[in-house]
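Have a look at the structure below, then the notes.
The values are calculated or read from the model by the stated rules, or taken from the named source; none is laboratory data. This is a predicted model, so every value here is computed, not measured. FYI the Cβ positions are ideal-geometry reconstructions off the backbone, even for glycines, and counts take in every protein chain you see.
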Amino acid sequence: MEEETPQDLDNERIDLSQFDAITPGNWEIIETPNGGIHIWVRLGDNAHRHIITFTDSLGEQVKKIERDVADMNAIAAVPSLIAQLKICYEAIDHMKEALLEQTNTNIFLVQSLEQRDKELAGYKEVAETAGMYQRCCDQLGNEDDCICPVIKCVNIDYCGHDSTVMPKERFQEWRDDWVCTNCLSDLHDEAQFDSQRTL
């Protein structure tokens with residue numbers, strides 16, 4: 001009969017609650033002077049509780065067969081194996097929860113970015129069609145994504161200046177509007193400038 005491999009085993013978890021009533025404590029393997037073997041839990045210096053006992057004759061036979069020794073060691077390790085398996089199950093549950101949370105976060109981010117791209121694409125199309133905006137910097141981290149408002153000199157019909165032909169730094173705010181530095185340098189005061197406005 002072929003032995004089962006890990007791939008053949010059921011993926012369902014072992015119900016560890018069925019082992020809740022096992023004898024608590026560290027299970028030890030003790031050999032008696034006459035050849036017998038005990039698996040027990042030490043309760044004190046002179047006290048112990050038996051789990052499994054192999055008679056003298058059976059103990060001698062068990063010690064001669066490698067498989068039987070391995071089985072005996074496996075039996076003695078049961079409490080430790082169960083405790084370690086519980087820790088593994090808890091770690092798996094924790095990782096699943098963290099993975100689910102991260103997956104939900106990633107889905108939210110992707111959806112948010114997709115919505116942002118749609119809104120930005122529509123905004124850019126309308127703005128560029130209206131000639132109100134220009135791509136001029138990397139304000140959003142990518143030049144293709146940047147839409148800065150076109151700044152127009154209030155006297156544009158006279159000077160022909162806006163931020164598509166002149167750096168934005170050469171415009172100054174003036175009465176809730178913008179004026180280019182060229183126009184400002186040609187004017188002596190706001191009254192004279194106001195008289196020359198073409199808008």
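If I go through segment 13-53 residue by residue, how many of them are touching a Leu at 6+ places or on another chain (Cβ under 8 Å) and surrounded by fewer than 13 Cβ atoms within 10 Å (Cβ to Cβ)?
Count: 3.
May I ask you to say which residue of Glu97, Glu114 is more than 20 Å from Leu16 (Cα to Cα) and either at pLDDT below 90 or not charged (D, E, K, R) (or both)?
Testing whether each residue is more than 20 Å from Leu16 (Cα to Cα) and either at pLDDT below 90 or not charged (D, E, K, R) (or both) leaves just Glu114.
Pairs needed: first member in segment 61-78, without any contact (Cβ under 8 Å) to a residue 24 or more places away in the chain; second member anywhere, outside any helix (DSSP H, G or I); C-beta distance under 8 Å; at least 6 residues apart or different chains.
Final answer for the pair search is Val69/Lys63.
Which ones in segment 157-170 are more than 9 Å from Cys183 (Cβ to Cβ) and in contact (Cβ under 8 Å) with a residue 12 or more places away in the chain?
Of everything in segment 157-170, those that are more than 9 Å from Cys183 (Cβ to Cβ) and in contact (Cβ under 8 Å) with a residue 12 or more places away in the chain turn out to be Asp157, Asp162, Ser163, Thr164, Met166, Lys168, Arg170.
Scan segment 135-165 residue by residue and report those that are over 26 Å from Arg116 (Cα atoms) and modelled with pLDDT of 85 or more.
Lys152, Cys153, Val154, Asn155, Ile156, Asp157, Tyr158, Cys159, Gly160, His161, Asp162 - these are the residues of segment 135-165 that are over 26 Å from Arg116 (Cα atoms) and modelled with pLDDT of 85 or more.
Scan Lys63, Lys118, Lys96 and give me the residue that is in contact with a helix residue (DSSP H, G or I) (Cβ under 7 Å, 6 or more places away or on another chain) and basic (Lys, Arg).
Lys63
Restricting the first residue to segment 34-55 and requiring it to be over 19 Å from Val69 (Cβ atoms) and in contact (Cβ under 8 Å) with a residue 24 or more places away in the chain, which pairs with a second residue that is surrounded by 16 or more Cβ atoms within 10 Å (Cβ to Cβ) and β-branched (Val, Ile, Thr) meet a Cβ separation below 7 Å and a spacing of at least six or different chains?
Arg49/Val41
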